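**Student:** Let me give you the structure first, and then I'll get to my questions.
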Amino acid sequence: MGLILIAAEVAGGSPSPLTLELVSHARTLGDEVAVVVLDPEADAVLPALGAHGASRAYVGQERAYREHLGQPAAHVVSALVDRVRPALVLFPGTQEGRDLAARVSARLQLPVLANAIDVTGDGDDFLVRSSIFGATVDVVTRTRSRSPLVLVRPKSFTATASGGPPPVTEVLPLPAEAPLGARRLESVVAPSAGPGLEEAKVVVSGGRGMQEAANFEVLEHLARQLGGAVGASRAVVDAGWVPYALQVGQTGKTVKPDVYIACGISGAMQHLVGMKGSSHIVAINKDPDAPIFKLSDLGVVGDALKVVPALIEELRARGLS
Amino acid sequence: MKVAVFVKQIPDPTGVGRLDPATHLLVRDGAELVLDPGDANGVEAALRVVEANGGEVVAITMGGERAAEVLRKAMAMGAGSAIHVADDRLRGSDALATARVLAAAVARSGCELVVAGTESTDGYTGTVPAAVAELLGWPALTFAKALEVDSGTVRIQRQTPAGHDVVEASLPAVVTVTGAINEPRYPSLRGIMAAKSKPLELLSLDDLGVPPDEVGLAGAGQEVISAAPAPERAAGELIEDDGSAARRIADYLAELKVI
Ligand SMILES: Cc1cc2nc3c(=O)[nH]c(=O)nc-3n(C[C@H](O)[C@H](O)[C@H](O)COP(=O)(O)OP(=O)(O)OC[C@H]3O[C@@H](n4cnc5c(N)ncnc54)[C@H](O)[C@@H]3O)c2cc1C
Ligand SMILES: Cc1cc2nc3c(=O)[nH]c(=O)nc-3n(C[C@H](O)[C@H](O)[C@H](O)COP(=O)(O)OP(=O)(O)OC[C@H]3O[C@@H](n4cnc5c(N)ncnc54)[C@H](O)[C@@H]3O)c2cc1C
């Protein structure tokens, strides 16, 4: 099946978890897995990419890739795709991945398939599964072009090491004529505590049913007792109760904890996309017809402002402070 | 300055989406069609830019006959004119084809700023605006939760997983906005009346010079081969809180060995 190319992302000196998921899965799709890594810290992440199955790496370490959105990377990745003609190009379904895939698609007139949750080979083509309408419908699309571009949602695949050596590296220079475009002037990080939302084994999420921002304190308390993280629906993020970093769903994070506890969340399809992969779902909602109950393992019809504090007490009685 | 705003008509997102079993295209007949809620934020953002800088908002859509409704809505909110690209040969267009058509419409309109949603609520590839930017050779400032335009410079707060980035570019540029950027205004009665007489230009592929074989089903680089209900998570136990629910949840967490 030829060469599978992955647009790798670097986060805090390591390949992003989603990048490793893509590299791992690509081993099942092609004869050879290559990564393109455009980041000032690219060389630091090559061993990990090799250890997950990438045997070739195309690398650029210019600062422009951090300072400018999309355009310089699209210039270089498009030229690379045009030259090496991969059978398939996988992009992380992140903000950066989308901007990049969209631009490569426009530059090379190649189709882009978005929101993929699975990719398999089918002769010379690929079958791409995506879930739509809030993950109520699964669509399978057959690619029918050279080098189709696929944006994959986080946690669709499991990252598994292959124990491979560091990849053979080729440096891609950033041509002087490449447009730079929009410039990042500053990055503001909102403070957070406890385990990251995407890694947490327990997520305690709140929605508009929590009534007001101050009531998120009880959710934080419960999350602390359970060693988990707090999440939120978009309604409360848009209302400014909690930062966007906590948003779960189609336009927020995808989480797959052991237990997801939804408090005062209706279960809009755009929210469900981000959490329906949780192993177990507990929902507290005062409306017995709330859609969230359709997929909860344990549903409680009741007032979250009473049930959550009572649960905190109950857990305290069982020795969790 | 002239500011283009992209508006997409979609089936009411509070309803249940359906695909045609034979063509696998989104069923629009019978469904209530509305302005994509994300694009209402776009219209609001575009209006605020011209309110601060002077100029006019041009609403642009690609879609069937009824898509004119979302243009009227944008004009009722305050857009000054509208462009409707409608052509039977566009049916089944993918995101790239949509971008080609919209980019051609922007070029023709003479706008120097495009405001769009970060992603539509139905197709949600989130790739159309950045593809339009690439086709025009413009920068794209995506995921804006705040937008400011001042003497030829666009500056946004770009929502990030950890907080936000401040991003800047010179015009011309494409900006995509998130739901957090503003609270869209409701059209006033006067606005609705005024919208009826605002100019709405109807364009075909030929008007835009976009080759028909590169758009629509013919130009799509992919083919949907099946659409089936996703495996449902079965609903489990449902209890009414009579004061004992907290204990039941704690027991359940203990069963799962979470505590
Ligand atoms: C393009 C697009 C993208 C989107 N992306 C996302 C996304 O990423 N994530 C996301 O979450 N949403 C997203 N949304 C928004 C989504 O459609 C919903 O509007 C949102 O999820 C609703 O949030 P909610 O459940 O908190 O609020 P609501 O829908 O208002 O639900 C509140 C719930 O609380 C219950 N309730 C009220 N009081 C109490 C009480 N005292 N105790 C218990 N229950 C109570 C009510 O019965 C109700 O079910 C998106 C929408 C669009 C258009
Ligand atoms: C469930 C579903 C899944 C799909 N998956 C894919 C896929 O993987 N790949 C693919 O190429 N196509 C896909 N399509 C087709 C795609 O939705 C259409 O081509 C659509 O015209 C543009 O893409 P989008 O809605 O994803 O736009 P997005 O890029 O998500 O839209 C972002 C913004 O662009 C603007 N915009 C988008 N379309 C229009 C329009 N017609 N008129 C005015 N403004 C617009 C709006 O401001 C919108 O908020 C899918 C369609 C459906 C219904």
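The values are calculated or read from the model by the stated rules, or taken from the named source; none is laboratory data. These figures come from a predicted structure and were not determined experimentally. In this analysis, Cβ positions are derived from the backbone assuming ideal geometry, glycine residues included, and neighbour counts consider all displayed protein chains.
**Student:** Within segment A:254-268, how many residues turn out to be within 9 Å of another protein chain (Cβ to nearest Cβ) and more than 8 Å from ligand 1 (Cβ to nearest atom)?
**Tutor:** The number of residues fulfilling the criteria is 3.
**Student:** I'm trying to understand the selection: among the residues of segment B:114-154, which are in contact with a Gly (Cβ under 9 Å, 6 or more places away or on another chain), in a strand (DSSP E or B) and more than 8 Å from chain A (Cβ to nearest Cβ)?
**Tutor:** B:V115, B:A116, B:G117
**Student:** Among the strands (runs of 3 or more DSSP E) contained in segment A:164-215, which hold 3 or more residues that are over 19 Å from A:A283 (Cα atoms) and more than 25 Å from the chain's Cα centre (by Cα)?
**Tutor:** A:168-171
**Student:** Oh, and also: May I ask you to verify whether A:S321 is away from ligand 2 (no atom under 16 Å from the Cβ), surrounded by fewer than 21 Cβ atoms within 10 Å (Cβ to Cβ), under 30 Å from B:H164 (Cα atoms) and more than 9 Å from chain B (Cβ to nearest Cβ)?
**Tutor:** Against the criterion (away from ligand 2 (no atom under 16 Å from the Cβ), surrounded by fewer than 21 Cβ atoms within 10 Å (Cβ to Cβ), under 30 Å from B:H164 (Cα atoms) and more than 9 Å from chain B (Cβ to nearest Cβ)), A:S321 does not qualify.
**Student:** Still on this model: Count, please, the residues in segment A:225-253 that happen to be within 11 Å of another protein chain (Cβ to nearest Cβ), away from ligand 2 (no atom under 16 Å from the Cβ) and under 17 Å from the mean Cα position of the chain (by Cα).
**Tutor:** Residues in segment A:225-253 being within 11 Å of another protein chain (Cβ to nearest Cβ), away from ligand 2 (no atom under 16 Å from the Cβ) and under 17 Å from the mean Cα position of the chain (by Cα): 5 in total.
**Student:** Next question. Taking segment B:116-143 as the region of interest, how many residues are crowded, with 24+ Cβ neighbours inside 10 Å, among the aliphatic types (A, V, I, L, M) and either free of Cβ contacts under 8 Å to residues at least 12 places away in the same chain or more than 30 Å from A:V139 (Cα to Cα) (or both)?
**Tutor:** Qualifying residue count, segment B:116-143: 1.
**Student:** Here are A:V188, A:V150: which of them is within 11 Å of chain B (Cβ to nearest Cβ) and surrounded by 14 or more Cβ atoms within 10 Å (Cβ to Cβ)?
**Tutor:** Only one candidate passes the filter, namely A:V150.
**Student:** Is it the case that some residue within segment A:209-220 is at pLDDT below 95, touching a Pro at 6+ places or on another chain (Cβ under 7 Å) and under 23 Å from A:A310 (Cβ atoms)?
**Tutor:** Taking every residue of segment A:209-220 in turn, none turns out to be at pLDDT below 95, touching a Pro at 6+ places or on another chain (Cβ under 7 Å) and under 23 Å from A:A310 (Cβ atoms).
**Student:** Go through segment A:269-305 and report how many residues are charged (D, E, K, R), more than 7 Å from ligand 1 (Cβ to nearest atom) and under 14 Å from A:G209 (Cβ atoms).
**Tutor:** Qualifying residue count, segment A:269-305: 1.
**Student:** Sort out for me the helices (runs of 4 or more DSSP H) sitting completely within segment B:173-240 that have 1 or more residues that are modelled with pLDDT under 90 and more than 20 Å from the chain's Cα centre (by Cα).
**Tutor:** In segment B:173-240, B:216-219 are the helices (runs of 4 or more DSSP H) which contain 1 or more residues that are modelled with pLDDT under 90 and more than 20 Å from the chain's Cα centre (by Cα).
**Student:** Among the listed residues A:G264, A:G302, identify the single one that is crowded, with 24+ Cβ neighbours inside 10 Å, in contact with a strand residue (DSSP E or B) (Cβ under 9 Å, 6 or more places away or on another chain) and farther than 14 Å from A:V202 by Cβ.
**Tutor:** Residue meeting the stated conditions: A:G264.
**Student:** Further, regarding this structure: Can you report the number of residues in segment B:7-38 which are within 12 Å of ligand 2 (Cβ to nearest atom), in contact (Cβ under 8 Å) with a residue 40 or more places away in the chain and within 14 Å of chain A (Cβ to nearest Cβ)?
**Tutor:** Matching residues across segment B:7-38 total 12.
**Student:** Same structure, new question: Please count how many residues of segment A:254-266 are at pLDDT 95 or above and either under 18 Å from the mean Cα position of the chain (by Cα) or outside the structural domain of A:S279 (by TED's automatic domain parsing) (or both).
**Tutor:** The total comes to 1.
**Student:** Go over the candidates A:V37, A:V59, A:V81 one by one and state the one that is in contact (Cβ under 8 Å) with a residue 12 or more places away in the chain, in contact with a helix residue (DSSP H, G or I) (Cβ under 7 Å, 6 or more places away or on another chain) and closer than 17 Å to A:S145 by Cα.
**Tutor:** None of the other options fit; the residue is A:V81.
**Student:** While we're on this one: State all residues of segment A:64-116 that are within 16 Å of ligand 1 (Cβ to nearest atom) and closer than 23 Å to A:R142 by Cβ; if no residue qualifies, say none.
**Tutor:** A:G93, A:R98, A:A114, A:N115, listed by residue number.
**Student:** Look at segment A:272-281 and say how many of its residues are free of Cβ contacts under 8 Å to residues at least 60 places away in the same chain and either within 16 Å of ligand 2 (Cβ to nearest atom) or crowded, with 24+ Cβ neighbours inside 10 Å (or both).
**Tutor:** Residues flagged as free of Cβ contacts under 8 Å to residues at least 60 places away in the same chain and either within 16 Å of ligand 2 (Cβ to nearest atom) or crowded, with 24+ Cβ neighbours inside 10 Å (or both) within segment A:272-281 amount to 2.
**Student:** Has segment B:82-91 got any residue that is within 13 Å of ligand 2 (Cβ to nearest atom), basic (K, R), more than 14 Å from chain A (Cβ to nearest Cβ) and in contact with a strand residue (DSSP E or B) (Cβ under 9 Å, 6 or more places away or on another chain)?
**Tutor:** Looking for residues that are within 13 Å of ligand 2 (Cβ to nearest atom), basic (K, R), more than 14 Å from chain A (Cβ to nearest Cβ) and in contact with a strand residue (DSSP E or B) (Cβ under 9 Å, 6 or more places away or on another chain), one finds none in segment B:82-91, hence no.
**Student:** If you don't mind, another one. Would you confirm whether or not segment B:188-204 contains a residue that is surrounded by 13 or more Cβ atoms within 10 Å (Cβ to Cβ), among the polar types (S, T, N, Q) and more than 12 Å from chain A (Cβ to nearest Cβ)?
**Tutor:** yes
**Student:** Just wondering, is there one or more residues in segment B:50-70 that are over 24 Å from A:S78 (Cα atoms), within 16 Å of ligand 1 (Cβ to nearest atom) and assigned to a helix (DSSP H, G or I)?
**Tutor:** yes
**Student:** Right, next: I need the helices (runs of 4 or more DSSP H) fully contained in segment A:232-321, keeping only those with at least 2 residues that are β-branched (V, I, T) and within 15 Å of B:D241 (Cα to Cα).
**Tutor:** A:304-317
**Student:** Determine which member of the set A:Q211, A:Q247 is near ligand 1 (Cβ under 8 Å from one of its atoms) and without any contact (Cβ under 8 Å) to a residue 60 or more places away in the chain.
**Tutor:** Step by step, each of A:Q211, A:Q247 is checked, and only A:Q247 is near ligand 1 (Cβ under 8 Å from one of its atoms) and without any contact (Cβ under 8 Å) to a residue 60 or more places away in the chain.
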